[in-house]
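Remarks on the structure that follows.
Laboratory data are not the source of any read-out in this text; all were calculated from the coordinates shown. All values derive from a computational prediction rather than experimental measurement. Heads up, the Cβs are rebuilt from the backbone with ideal geometry, glycines too, and the neighbour counts pull from every protein chain shown.
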Amino acid sequence: HQLPAFLQQLDMESNGKSVDIFGHPVDYKTGPIVWGQTGSNGQHAFFQLLHQGTRYVPIDFIASLKPEPGMEEHHFALLTNMLAQANAFMEGSLKGGEGSGSRPDPYSCPGNRPSSVLLLDELTPRNLGALIALYEHKVFVQGVIWNINSFDQWGVQLGKRIAGEISERIDAHSQDFDASTQGLLALVRGHFASGGDPSGGDPSGGEEKAGRPRRRSRKASTGR
């Protein structure tokens, strides 16, 4: 279930660039926005936008053919659901019902939405590694075509640097930041009386306060 998150980082962190390797701004689209879900969870999360939204979003369906022992019926249902969605994205649905006629039809899906189906014989370390290598190679080739460096992440480093500055200046030098950030820092300071220590610098008080939520957390996790 971590594969969508891995592919998201691989693609967006590598090719989310607007300057080429020579330092020139690019005048074309580069890294795509990537997201996903496992099983059929995505149907109620974002498939509505994919079927009837104003954006054409390429989709990859990935599945293994061999089910886990005892999960044959469930696995078969997931595979047929995946094939149904792939077919629906390609063919759409015919107009009909109350929305048919000259007005736009809210009941039909236009189809012609691009998608690919990638099937593994079974989920093994070798097959998973080959799948990851496929996506890594795709990202590399796209970076070459777009003439960008896929191997740096300066957009990530910026946030890390500013986080350090905020932590150091939250009390004495918050005026160095913009008005919006200053207002948010004031709210944060109200809950952290002594910098980043929610206990206000009192070790015994901090332990006592921190202990009570932890006990409640244990009760919640065991269902009592």
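What are the radius of gyration and Dmax of the range 15-170, computed over its Cα atoms and given in Å?
Rg and Dmax of the range 15-170, Cα atoms, are 21.0, 64 Å.
Under a crude label model (7 Å from the Cα following the beta-carbon direction), how far is residue 141 from residue 91 in nanometres?
Using points 7 Å along Cα→Cβ, the separation is 3.0 nm.
Residue 126 to residue 192: extension gain in nm, 0.36 nm per residue of separation minus the Cα-Cα distance?
Working: separation 66, 0.36 × 66 = 23.76 nm, distance 4.87 nm.
Fully extending the segment from residue 126 to residue 192 adds 18.9 nm.
With charges only on Cβ, +1 for K and R and -1 for D and E, what is the dipole size of the range 3-149 about its Cα centre, in debye, rounded to 20?
Rounded to the nearest 20 debye, it is 380 debye.
Give me the one-decimal nm value for the distance between modelled label points at residue 21 and residue 73, 7 Å along each residue's Cα-to-Cβ direction.
Between residue 21 and residue 73, the label points sit 5.6 nm apart.
With label points built 7 Å along Cα→Cβ from the Cα atoms of residue 171 and residue 35, find their separation and express it in nm.
4.0
Under 12 Å from the Cβ of residue 4, count the other residues' Cβ atoms, weight Lys and Arg +1, Asp and Glu -1, and hand me the total.
Numbers: positive: none; negative: 11, 60.
Overall, the nearby charge balance is -2.
Exactly which chymotrypsin sites (Phe, Trp or Tyr not before Pro) in the range 4-71 are in a DSSP loop and have at most 11 other Cβ atoms within 10 Å?
Sparse-neighbourhood loop chymotrypsin sites (Phe, Trp or Tyr not before Pro): 22, 28, 56.
Would you grab the residues whose amide H sits under 5 Å from the one on residue 120? Only those 5+ places off in sequence or on another chain, please, with H modelled 1.01 Å from N.
Amide H neighbours of residue 120: 63, 64, 65.
Could you pull out every residue, at least 5 positions away or on a different chain, whose amide H is within less than 5 Å of the one on residue 60? Hs are placed 1.01 Å off N in the peptide plane, and Pro or chain starts have none.
Long-range HN contacts for residue 60: 116.
Read phi for every residue in the range 48-60 and hand back ³J(HN,Hα) as whole Hz from Karplus 6.51 cos²θ - 1.76 cosθ + 1.60, θ = phi - 60°, with x for Gly and Pro.
Here the 3J(HN,Hα) series is 4, 5, 5, 7, 10, x, 8, 9, 8, 10, x, 10, 10 Hz.
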